[in-house]
1. Could you check region 136-155 and list, in sequence order, the residues that are among the basic types (Lys, Arg) and surrounded by 14 or more Cβ atoms within 10 Å (Cβ to Cβ)?
2. If we scan region 160-167, do we find a residue that is surrounded by fewer than 16 Cβ atoms within 10 Å (Cβ to Cβ), among the small types (Gly, Ala, Ser) and closer than 18 Å to Lys16 by Cα?
3. Quick check on my filter: what residues within region 201-227 are small (Gly, Ala, Ser), at pLDDT 90 or above and either part of a loop (DSSP other than H, G, I, E, B) or buried (at least 16 other Cβ atoms within 10 Å of the Cβ) (or both)?
4. Considering only region 86-129, how many residues are surrounded by 16 or more Cβ atoms within 10 Å (Cβ to Cβ) and assigned to a loop (DSSP other than H, G, I, E, B)?
5. List, please: which pairs have Cβ atoms under 8 Å, are six or more places apart or on different chains, and start with a residue in region 37-53 that is within 19 Å of Ile72 (Cβ to Cβ) and end with one that is of a type in the set (Lys, Arg)?
6. Kindly provide the set of residues from region 31-72 that are outside any loop (DSSP other than H, G, I, E, B) and within 17 Å of the chain's Cα centre (by Cα), ordered by number.
7. Contact list please: Cβ distance under 8 Å, first residue in region 161-188 and farther than 27 Å from Lys138 by Cβ, second residue surrounded by fewer than 13 Cβ atoms within 10 Å (Cβ to Cβ), pairs at least six apart or on different chains.
8. Run down Lys166, Lys157, Lys131 and say which single residue is of a type in the set (D, E, K, R) and in contact with a helix residue (DSSP H, G or I) (Cβ under 8 Å, 6 or more places away or on another chain).
Amino acid sequence: MNKIVILSGPGCVGKKPLFSTFRRFHPETASRFRRLVLFNDRPPHPGEDDGTDYHFRSRMELESMRFKEGFIVADVRGNLQALEIRQIQTILDDGNIPYYEGNPFVPAKLWDEGILERFPHLSVFLSPLSKEEIVFLKSPERRVDLSKFVREVQRRKLLRREATRKQWLSLHDLEEIEHAAGSAYLELREAWKFQHILVSYDTGDGDNWDAFHYPLGNARKTLLSFAALLAGERAVEDDGPWPHDLLP
């Protein structure tokens, strides 16, 4: 396998536990993955290292990258993130697999600007809702505001995850949760640009990923599907691609 692997989706859909579990059960393939390190204009979170998690730079510096050849810059939940395209080719030339894990705005930018067409790639979107559920919910007789519905689904997941990490949540924590939940619908609207969509109901705080060593339930199906796609096989459960007008 010699292609870019993109794993994306809204916050708290299980991106990190999925790859962590994949690495545990498929160590040989996972050892070739090299994470794409983006530039970010926000300050580091506790435990993050400059050059490993992100290249932390000023907003002015990232704004200037919009006009530099070889960079793409995306607006991400109020912050700016940038990727140097050369990094992709360098990893491929070394015989390794460039790996992007994160929000869908950066890969959507690569797609919009035709950059993904220059590289072989596998793009996978983790969605908190299936296509069938979205079609059901947006039917006029349901009278559901889909944007508010998605916000509430993600708010509950984010609150539950943070509550398992911290005994008490600060005002800043709650603001961050609300910001991420509010962005989820916009992120879901980018899903149609991805080749494959896996519906993930097990978030990062769920027991189904690693409490019993082997993943269970939806987490297991998501892992099997991801592993199959990486092996060039048909996924156990692939909900995509979605039509571009699925979400208004």
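The values are calculated or read from the model by the stated rules, or taken from the named source; none is laboratory data. Treat the numbers as computed from the prediction; the structure is a model and nothing was measured. Every residue, glycine as well, gets a Cβ built from its backbone with ideal geometry; the counts of neighbours run over all protein chains shown.
1. To start, the set of residues in region 136-155 that are among the basic types (Lys, Arg) comprises 138, 142-143, 148, 151, 155.
Of everything in region 136-155, those that are among the basic types (Lys, Arg) and surrounded by 14 or more Cβ atoms within 10 Å (Cβ to Cβ) turn out to be Lys138, Arg151, Arg155.
2. Looking only at region 160-167, we keep the residues that are surrounded by fewer than 16 Cβ atoms within 10 Å (Cβ to Cβ), and these are 160, 163-167.
Remaining after also requiring among the small types (Gly, Ala, Ser): 163.
Retained after the next criterion (residues that are closer than 18 Å to Lys16 by Cα): 163.
Yes, region 160-167 has at least one match.
3. First pass over region 201-227, keeping only residues small (Gly, Ala, Ser): 204, 206, 211, 217, 219, 225, 227.
Then keep just the ones that are at pLDDT 90 or above; that gives 217, 219, 225, 227.
Listed by number, the residues that qualify are Ala219, Ser225, Ala227.
4. Residues flagged as surrounded by 16 or more Cβ atoms within 10 Å (Cβ to Cβ) and assigned to a loop (DSSP other than H, G, I, E, B) within region 86-129 amount to 5.
5. From region 37-53, the pairs are Phe39/Arg57; Asn40/Arg57; Asp41/Arg57; Asp41/Arg59.
6. Step one: filter region 31-72 for residues outside any loop (DSSP other than H, G, I, E, B), giving 33-35, 39-40, 50, 54-56, 59-65, 71-72.
Correct list: Phe33, Arg34, Arg35, Phe39, Asn40, Tyr54.
7. Pairs that qualify, where the first residue is farther than 27 Å from Lys138 by Cβ and the partner is surrounded by fewer than 13 Cβ atoms within 10 Å (Cβ to Cβ), are Asp173/Lys166.
8. Numbers: Lys157 fails: in contact with a helix residue (DSSP H, G or I) (Cβ under 8 Å, 6 or more places away or on another chain); Lys131 fails: in contact with a helix residue (DSSP H, G or I) (Cβ under 8 Å, 6 or more places away or on another chain).
After applying the criteria, what remains is Lys166.
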